[in-house]
Amino acid sequence: MTALTAQALSADLSVAPQLDPAAMAWAAHAGFKSVINNRPDFEGGLDQPTSAAIETAANAAGLRYAHLPVSPMMQTPPEIAQFAQLLVDLPKPVLAFCRSGTRSSNLYRATLRLASG
């Protein structure tokens with residue numbers, strides 16, 4: 001497995017590129033309490049780990065898990081609201097991931113705009 005990294009966006013949220021089931025033990029060891037997967041199953045092909053496989057590993061590592069698949073091109077207002085609610089409901093700190101970390105970051109920035117609007 002390659003070195004795993006996460007970029008902190010706040011004290012409660014970090015983002016990462018695609019994670020696999022084995023990364024859930026790393027996330028728990030790194031101190032995360034929850035994981036949000038923002039990537040639709042098989043978006044990157046059949047070799048992409050499924051949400052179910054990642055959820056099983058997350059649960060085994062003692063993490064809370066949520067799957068909120070969103071398009072890389074656009075996140076809808078309901079998806080942004082769901083992400084914001086997950087950030088309220090899930091134990092912190094939270095690690096969100098997608099293919100590169102960008103759409104998870106974009107969702108977080110959109111939740112900040114939603115909260116200030």
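Values in this text are rule-based calculations from the coordinates and carry no lab data. Worth saying up front: this structure is predicted, and the values here are computed from it rather than measured. Every residue, glycine as well, gets a Cβ built from its backbone with ideal geometry; the counts of neighbours run over all protein chains shown.
Key figures
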| item | result |
| --- | --- |
| Stretch gain in nm, segment Asp12-Thr56, where the contour uses 0.36 nm per residue and the Cα spacing is subtracted | 13.5 nm |
| Candidates Pro17, Pro77, Pro91, ranked by Gaussian network fluctuation over the chain, Cα under 10 Å, top entry | Pro77 |
| Phi-based couplings in Hz for segment 7-24 (Karplus 6.51, -1.76, 1.60; Gly and Pro marked x) | 9, 6, 9, 7, 5, 9, 9, 10, 10, 8, x, 2, 10, 10, x, 5, 6, 5 |
| Cα lying deepest toward the dipole's positive end in the chain, options Ala8, Cys98, Met24, charges on Cβ | Ala8 |
| The chain: antiparallel DSSP beta bridges as a percent of all, rounded to 5 | 15 |
| Contact order normalised by residue count of the chain, Cα under 8 Å, 6+ apart, percent | 37 |
| Within the chain: Cβ-based charge dipole about Cα centre, in debye rounded to nearest 20 (Lys, Arg +1; Asp, Glu -1) | 340 |
